[in-house]
Amino acid sequence: MPRTKLIAANWKMYKIPDQARDFFQAFVPLVADHTRDEIVVCPPAIDLSAALEAAKGSKVAVGGQNLHWEKEGAYTGEISASMLLAAGCTHVIIGHSERRQYFGETDDTVNLKLKAALEAGLIPIVCVGEVLEEREANLTEDVLRRQCLRAFHAISAKKAAKMVVAYEPVWAIGTGKTATPQLASEAHSLIRGEAAKAFGQPFADAMRILYGGSVKPENAKALMSQEEIDGALVGGASLDPKSFAAIVKY
Ligand code: PGA
């Protein structure tokens, strides 16, 4: 069974609700006849209701950029899986390298968040990837293995069914440097191998692994035509409707 690709936009901390509305107004018609892939846009939490309203009736899904693992509680500033779900989100990004780098997320919090998202029925997009120093020190495989092993810890294949992983080499994020299709494919194979160990080969064969890191309309086709690459997680180039539509339609 071929894997349906997922093309995901990660807006990070960009756009106010009016700008989110404008984006959808322009973007939805551009992809109206596009049925090949699944599309999701992950705006800042403050934009979710505007985005969901504007995406209504289209095939474009809306997701969160983060969540807290508890159902509710005294966690100022946080949002739970059930809140994202109730708002209308279907997807959520977990463990993005910026969250790991600037907000103290660890492999263990990623695991807790992944469990919470799966429990709620959201489609989690779990981010893994090495920093430049790790790649230069030949540690990429160790880092990816550790990140996967700990993210997948104590989760059953049945529970994990909807999980998506995004390979995002940190040195390629927002830098204009893209991993070569070959290099990305190698990392994806390794991640798929870890998923096979944790959940079994059939699960791993069906699991989608996205590539993220300076994906642009110009390089989308070369990346997306790799057998191992099942979609993209797009930051900068997803902020403009035309550019994101061009990536979706690579
Ligand atoms: P970028 O970001 O496309 O701007 O490199 C990707 C990401 O951080 O998900």
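The values are calculated or read from the model by the stated rules, or taken from the named source; none is laboratory data. Computed from a predicted model, the values in this text were never measured in an experiment. Glycine also receives a Cβ, built like all others from the backbone with ideal geometry; neighbour counts cover every protein chain displayed. Just so you know, the surface numbers come from the protein's heavy atoms only, side chains and all, with ligands and any DNA or RNA stripped out. Shrake-Rupley method; radii C 1.70, N 1.55, O 1.52, S 1.80 Å.
Computed quantities for the displayed model
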| item | result |
| --- | --- |
| Region 73-171 - percent relative contact order, Cα under 8 Å, separation 6 or more | 32 percent |
| Placed amide H near Glu105: partners under 5 Å, 5+ positions off or other chain | Arg100 |
| Residues of region 164-193 with amide N under 20 Å of a point placed 7 Å along Cα→Cβ from Ser225 | 178-189 |
| Built amide H within the under 5 Å cut-off of Val234, gap 5+ | Ala8, Ala9, Asn10 |
| Principal axis dimensions, largest first and in whole angstrom, of the chain by Cα | 45, 44, 36 |
| Aspartates and glutamates whose Cα lies under 16 Å from that of Lys158, excluding same-chain neighbours fewer than 8 positions away | Glu119, Asp205 |
| Percent carbon-and-sulfur accessible area, the chain, ignoring ligands, DNA and RNA, probe 1.4 Å | 55 percent |
| Unit charges on C-beta of K, R, D, E only; dipole of the chain, Debye | 540 debye |
| Exposed-loop-free span, longest in the chain, where GluC sites (Glu not before Pro) count as exposed if DSSP calls them loop and at most 12 other C-beta atoms lie within 10 Å | 73-226 |
| Karplus-derived 3J(HN,Hα), 6.51/-1.76/1.60, for each residue of region 113-129, Hz, glycine and proline x | 5, 4, 4, 5, 5, 5, 4, 7, x, 7, 8, x, 10, 8, 8, 9, x |
| Projected label distance in nm at Ala154 and Ala86, using a 7 Å step from Cα toward the beta-carbon | 2.7 nm |
| Histogram of C-alpha separations across region 146-228, 5 Å bin width, % | 3, 15, 26, 22, 15, 12, 6, 1 |
| Calculated [θ] (222 nm, deg cm²/dmol) that DSSP helices of n ≥ 4 give over the chain, each run adding -39,500 (n - 2.57) | -12500 deg cm²/dmol |
| Point-charge dipole on Cβ atoms (K/R +1, D/E -1) for region 1-150, about Cα centre, debye to 20 | 400 debye |
| Rounded to whole Hz, the Karplus (6.51, -1.76, 1.60) HN-Hα couplings of region 53-64, x for glycine and proline | 4, 6, 8, 3, x, 9, 8, 8, 8, 10, x, x |
| Distance between region 20-34 and region 205-250 - C-alpha centres, whole angstrom | 17 Å |
| Over 27 Å (Cα to Cα) - which of Lys197/Lys221; Lys15/Lys159; Lys113/Lys249; Lys5/Lys197 fall in this group | Lys197/Lys221; Lys15/Lys159; Lys113/Lys249 |
| Accessible area (Å², per residue) of the chain, counting only protein heavy atoms and a probe of 1.4 Å | 46 Å² |
| Region 6-249 - percent relative contact order, Cα under 8 Å, separation 6 or more | 20 percent |
